[in-house]
1. Could you give the Stokes-Einstein D for the range 35-90 in µm² per second, using the C-alpha Kirkwood radius, 10 °C, 1.306 mPa s?
2. How would the range 107-161 be classified by its alpha-carbon gyration tensor: rounded, prolate or oblate, with rounded meaning a/c under 1.5 and the a/b versus b/c comparison settling the rest?
3. Read phi for every residue in the range 230-241 and hand back ³J(HN,Hα) as whole Hz from Karplus 6.51 cos²θ - 1.76 cosθ + 1.60, θ = phi - 60°, with x for Gly and Pro.
4. How far, in degrees from 0 to 90, does helix 184-196 lean away from the longest principal axis of the Cα atoms of the chain, to the nearest 10?
5. For a Förster distance of 30 Å, can you work out the FRET efficiency between the beta-carbons of ALA220 and GLU244, rounded to the nearest 0.05?
6. Dipole size in debye (nearest 20) for the chain around its Cα centre, Lys and Arg Cβ +1, Asp and Glu Cβ -1?
7. With a 1.4 Å probe and every protein chain kept in, tell me what percent of the accessible surface of the chain is carbon plus sulfur.
8. Going by average Cβ neighbours within 10 Å, how do the peptides 216-222, 104-110 rank, with the highest at the top?
Amino acid sequence: MTGPILQRREGGILEITIDRPKANAIDLVTSRLMGKIFADFRDDDSLRVAIITGAGEKFFCPGWDLKAAAAGDAVDGDYGVGGFGGMQELRDLNKPIIAAINGICCGGGLEIALSTDLILAAEHATFALPEIRSGTVADAASIKLPKRIPYHIAMDMLLTGRWLDVQEAHRWGFVNEILPADKLLDRAWELARLLESGPPLVYAAIKEVVRAAEGETFQATMNKITRRQFKTVDILYSSEDQLEGARAFAEKRDPVWKGR
C-alpha cells in the first residue's frame, strides 16, 4: 500500500507506518486517514495488536506539519475521528499499541507516542516538545506528560522545549526499551506476537480501567470494577475466556483464548 500511511498485516498484528517525506509530519488529511485506520483496527475483532512507526531512519514524527499550516491547514481544524494522529481521542480503543520510535520524536509525534501502551526506541531516538519556541501549546502533552514522568521533568520539557536523548527518556520511564536501529522493528514484532497470544478481553478491561483511573480516586474506580460498571469488565466476567483461564490453570495447560 502506498500513500502517507503504510499498513502491513500479519495475523492479528497491524503495523502502521507514517510515510510523509521528508520528516513524517502530519497534516489534516493524514490525521483523518490515521483516524480511520485506528477506528478500523479497533472494530476488527481479528486484529489484536498494533505497531506504529515512521518511515526512514531519521524521523518517527515531528508532529504538526507547519508547511501545511502555512498553506492554510488550521491548527484547530478537523483532525478526524481520533483527534490528532488518529488515536489520542478515539473512544474505546481497548487493544494494545506499541510505538517503535526510529528517530526524532517531538511535538505532536511525542503526543502520539504517549498515547500508545509500550514505547520502544532506537539508540539514536530523541524527544522534545518544541511548541514553546513557536508560540503555541503542546496541549495533549500538557495533560499526559506530567502523569507519565516526574512533574518537574515534564515541566522542564514543556517550558523550555529542550531535547532528551533516548537514555534520559528511558531513565524517566517513558521509553520501555532501547534497541539498535536495525533491531527495533524485530523487537516490536516479537512483543506484538507475545501480546497477540494473550487474552484480548483482559487487555480491553485493563485499558478501560487504566483510562478511567487517571481521572478518579482509587476507590471510585474499584467500586466501578466490583459493580461491573465498566463494559469491558462486565464482558470479561461473563466470558468463556474467564472460565478458560481457570480451567487451563487447573489442568496445567496453556489457555486457548477465543475473545468471547
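The values are calculated or read from the model by the stated rules, or taken from the named source; none is laboratory data. Computed from a predicted model, the values in this text were never measured in an experiment. Using ideal geometry, Cβ is built from the backbone for each residue, glycine included, and neighbour counts are taken over all protein chains shown. Only protein heavy atoms, including side chains, enter the accessible area calculation; ligands, DNA and RNA are left aside. Shrake-Rupley method; radii C 1.70, N 1.55, O 1.52, S 1.80 Å.
1. Numbers: Rh = 13.1 Å.
D = 121 µm²/s.
2. Details: a/c = 1.57, a/b = 1.34, b/c = 1.17.
Here the range 107-161 falls in the prolate category.
3. Running phi through 6.51 cos²θ - 1.76 cosθ + 1.60 with θ = phi - 60° gives 8, 4, 5, 5, 4, 5, 4, 5, 9, 9, 5, 4 Hz.
4. 30 degrees
5. Working: r = 31 Å, r/R0 = 1.02.
It comes to 0.45.
6. Values: 32 positive and 37 negative charges, 86 e Å.
I would put it at about 420 debye.
7. Details: 7350 of 13260 Å².
Of the solvent-accessible surface of the chain, carbon and sulfur hold 55 percent.
8. Working: 216-222: 11.7, 104-110: 27.0.
Top to bottom by mean Cβ count within 10 Å: 104-110, 216-222.
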